[in-house]
Amino acid sequence: VRKLSGEIPATLILFDLVREGAEDLSALPLRTRRERLAKLAASAGAGVMPDDLNTVPPGPELLVAPWTAEVSLAEAWFADAAGVGQDGIVAKREEQAYLSGERGWVKVKHRTTADCVVGGYRVAKDGQGVGSLLLGLYDKDGALHYVGHTSSFKAAERRQLRELLAPLEGGESFRGGRAPGGQSRWSGGRDTEWVDLEPSLVCEVSFDRVQYGRFRHAARFERWRSDRDPRSCTFEQLGIEPPSWG
């Protein structure tokens, strides 16, 4: 840990204070909690993130996240967020108490679309339909690499998908490229078996962020792209090269 902290220093970003010592602050307005946080953080030597997110200095152990009531500044933060590796911004009411176990805020994320090849699928937990579609993009050498999945389907749609994909089963879409992963310490014992397909279907999905050559979170299915040649679905859409694998 000490070695990694020196090579890749981590920073704890502070954004709220719900308890200070034995005092419960959760019933106080957000505005008051932020004021208390600023004082406590300053006493601990924490810095404050600048309004320009592109100038955040690397390495400080503690930073207080900025906040504002100015719409123009919030819009600037949102515009800069994707470029500095952030998903987006969060909007909260200044007068609101801390709501434990409830969502009292709105997260505003950047979303981008991409046309992906459907290279396989996983069966739904009930065994009656498709649980998720496995998405791929081609590299410059013609190998299809797994980049993520989409699973935003209703029960009836999952059964219909199974019927649609049945004639394509038995392909080898991800042969030569990065394939969907198997069991790991992150899979939590979930079934990771999947059905390979012929790479002939293309769908448009939206996503919030790319990390390590794949979608960081599950993508959202938008529509089928029957007009799109699967071979034209490349990593150029993401503006990156596929990561090394093997």
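Quick look at the numbers
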{"quantity": "Neighbours by Cβ (under 7 Å, 6+ apart or cross-chain): first from region 206-221, in a strand (DSSP E or B); second of a type in the set (Lys, Arg) and at pLDDT 90 or above", "calculated": "SER206/ARG220"}
{"quantity": "Subset of region 32-48 [loosely packed, with under 15 Cβ neighbours inside 10 Å and of a type in the set (D, E, K, R)]", "calculated": "GLU35, LYS39"}
{"quantity": "When residues of region 1-49 are limited to those that are more than 16 Å from TRP67 (Cβ to Cβ) and of a type in the set (S, T, N, Q), the one farthest from the chain's Cα centre (by Cα)", "calculated": "SER43"}
{"quantity": "Residue in region 199-220 that is surrounded by the fewest Cβ atoms within 10 Å (Cβ to Cβ), counting only those that are polar (S, T, N, Q) and modelled with pLDDT of 90 or more", "calculated": "SER200"}
{"quantity": "Residue in region 68-125 that is surrounded by the fewest Cβ atoms within 10 Å (Cβ to Cβ), counting only those that are of a type in the set (Lys, Arg) and in contact with a Ser or Thr (Cβ under 8 Å, 6 or more places away or on another chain)", "calculated": "ARG111"}
{"quantity": "Residue list for region 126-135, filter: over 21 Å from the mean Cα position of the chain (by Cα) and in contact (Cβ under 8 Å) with a residue 24 or more places away in the chain", "calculated": "GLN128, GLY129, VAL130"}
{"quantity": "Wholly within region 90-190, strands (runs of 3 or more DSSP E) carrying at least 2 residues that are at pLDDT 95 or above, in the same structural domain as ASP229 (by TED's automatic domain parsing) and within 20 Å of GLU204 (Cα to Cα)", "calculated": "112-123, 130-138, 144-150"}
{"quantity": "Residue within region 160-167 that is in contact with a Ser or Thr (Cβ under 6 Å, 6 or more places away or on another chain), in contact (Cβ under 8 Å) with a residue 40 or more places away in the chain and not basic (Lys, Arg) present", "calculated": "no"}
{"quantity": "Single unsatisfied condition, ASP196 versus (1) over 30 Å from PHE78 (Cβ atoms); (2) modelled with pLDDT under 90; (3) surrounded by 14 or more Cβ atoms within 10 Å (Cβ to Cβ)", "calculated": "(2)"}
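The values are calculated or read from the model by the stated rules, or taken from the named source; none is laboratory data. All values reported here derive from a predicted model rather than from experimental measurement. Glycine gets a Cβ as well: all are built from the backbone with ideal geometry, and neighbour counts include every protein chain shown.
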